[in-house]
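One structure is given here, and the rest of the page talks about it.
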Amino acid sequence: MTMSLQQHLITYVQKYRSTGVMLDTNLLLLYVFSRFSRDKIGIGRLAAYDFDSADLLLQYLARFERVLTTAHVLAETSNLARQMVKGEKWKAMCEAVFPLFCLPEQSDLKPVGVDTETLDPRNFSKLGLTDAALAQSATAHLLLTADLDLYCAVVSAGNDAVNFTHMREAAGLL
């Protein structure tokens, strides 16, 4: 008998609660805007998401002691956020996001180091640098992703990953 998605999610929380969960760029972007500028959810890069999806993400992440990320994901997320918010709103968002991204001792986001010299060249060519680094980090951490190719690469390597689209489907949001 196979476990249901809900059973997998509970098992992953139990297994990774203290070590944390890693997010890909799209989900870190959703996480940031869910916390600091919800009016951008459903627009542009976040067009695929609604407030219920954002709340689902926040509720699941709240079960972990930390949210993990890589420098690659932080750089991509910062650049994408800058494209979505301009002027005074960007300045205000930067004041809120800077400690989250740049001061790990004051943040619930924790950096995961990536040794790029040991990246799998097949993952690099298929996924690109950022996602290849996430796939490598998933050997020791749970990955929550909205990227099907990344999800498949991680799971096929025998590592733990959750596809956020599956979570949204199970929650009746799609």
Condition set of a type in the set (Gly, Ala, Ser) and closer than 27 Å to Ser18 by Cβ, scope the range 91-127, selection surrounded by the fewest Cβ atoms within 10 Å (Cβ to Cβ): answer is Gly113
Against the definition (more than 21 Å from Ala133 (Cα to Cα) and part of a helix (DSSP H, G or I)), how does Leu29 come out, yes or no? no
Scanning the range 30-45 residue by residue, those modelled with pLDDT of 95 or more and hydrophobic (A, V, I, L, M, F, W, C) turn out to be Leu30, Ile41
Just to be sure I understand, how many residues within the range 8-60 are more than 21 Å from Gly113 (Cβ to Cβ) and either in contact with a helix residue (DSSP H, G or I) (Cβ under 6 Å, 6 or more places away or on another chain) or not charged (D, E, K, R) (or both)? 33
Considering only residues that are surrounded by fewer than 21 Cβ atoms within 10 Å (Cβ to Cβ) and of a type in the set (Ser, Thr, Tyr), look in the range 149-174 and name the one that is farthest from Leu58 (Cα to Cα). Ser156
So is Ala146 surrounded by 21 or more Cβ atoms within 10 Å (Cβ to Cβ), within 27 Å of Arg38 (Cα to Cα) and among the hydrophobic types (A, V, I, L, M, F, W, C) or not? yes
Of the listed residues (Gln136, Gln83), the one being in a helix (DSSP H, G or I), within 20 Å of Thr19 (Cβ to Cβ) and polar (S, T, N, Q) is Gln136
Mind checking which residues of the range 48-66 are touching a strand residue (DSSP E or B) at 6+ places or on another chain (Cβ under 7 Å) and within 16 Å of Asn163 (Cα to Cα)? Leu61
Between a residue in the range 68-90 that is under 17 Å from Leu144 (Cα atoms) and any residue that is outside any helix (DSSP H, G or I) and acidic (Asp, Glu), which pairs come within a Cβ distance under 7 Å, given they are 6 or more apart or on different chains? Val73/Asp24
Within the range 41-89, take every residue that is of a type in the set (Ser, Thr, Tyr) and more than 12 Å from the chain's Cα centre (by Cα) and give me the one that is nearest to Ala170 (Cα to Cα). Ser53
Go through the residues of the range 9-20 one by one and say whether even a single one is in contact (Cβ under 8 Å) with a residue 60 or more places away in the chain and not in a helix (DSSP H, G or I). yes
Looking only at the range 144-174, how many residues end up being touching an Asp or Glu at 6+ places or on another chain (Cβ under 7 Å), of a type in the set (A, V, I, L, M) and not in a loop (DSSP other than H, G, I, E, B)? 1
With the requirement that a residue be crowded, with 18+ Cβ neighbours inside 10 Å and outside any helix (DSSP H, G or I), what does the range 42-65 give you? Tyr49, Phe64
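The values are calculated or read from the model by the stated rules, or taken from the named source; none is laboratory data. Everything numeric here is computed off the predicted structure, so don't read it as measured data. No Cβ is skipped: glycine too gets one built from the backbone with ideal geometry, and neighbour counts run over all protein chains shown.
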